[in-house]
Amino acid sequence: LEGAVSEPAWKAKPSWYLLTTEDKMIPPAAQRQMAKRAGATIVEVKGSHAIYVSQPQAVATLIEKAAKGARPVAAR
C-alpha cells in the first residue's frame, strides 16, 4: 500500500482502447482524447457504455489483438 509509481504503465507500454461510439456516459470525443493521450491503438465499435455486456465478442477480439501485439519488455 505504500508503493510509489515512478512511471505510469501507459507511458511505456502499448495500450489499446475500445471506443464505444454510442456511449452516453463518456462522450466518444472524450474517449478519443483519452486514448490518444495514452498513445493507445483505438478500435471503434458501435455500441453503448456497457459494450462488454452487449458485444462481448468485440471485447474478446480486442483483447486477443492486444495480446498478439504486445511485446515482452527486454530485461534491464
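The values are calculated or read from the model by the stated rules, or taken from the named source; none is laboratory data. Predicted model only: the values in this text are computed from it and were never measured. Cβ placement follows ideal geometry from the backbone for every residue including glycine, while neighbour counts extend to all protein chains displayed. Surface areas here come from the heavy atoms of the whole protein model, side chains and all, with no ligands, DNA or RNA. Shrake-Rupley method; radii C 1.70, N 1.55, O 1.52, S 1.80 Å.
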Report every pair of residues separated by at least 6 positions or lying on different chains whose Cβ atoms are under 7 Å apart, first residue within the stretch 9-31 and farther than 17 Å from S54 by Cα, second in a helix (DSSP H, G or I) and open to solvent by 60 Å² or more (accessible area, probe 1.4 Å). W16/K65
Only residues that are open to solvent by 100 Å² or more (accessible area, probe 1.4 Å), under 25 Å from G69 (Cα atoms) and not polar (S, T, N, Q): list them for the stretch 1-40, please. V5, E7, W10, K11, K13, K36, R37
Which numbered condition S54 misses (of (1) surrounded by 12 or more Cβ atoms within 10 Å (Cβ to Cβ); (2) in contact (Cβ under 8 Å) with a residue 12 or more places away in the chain): (2)
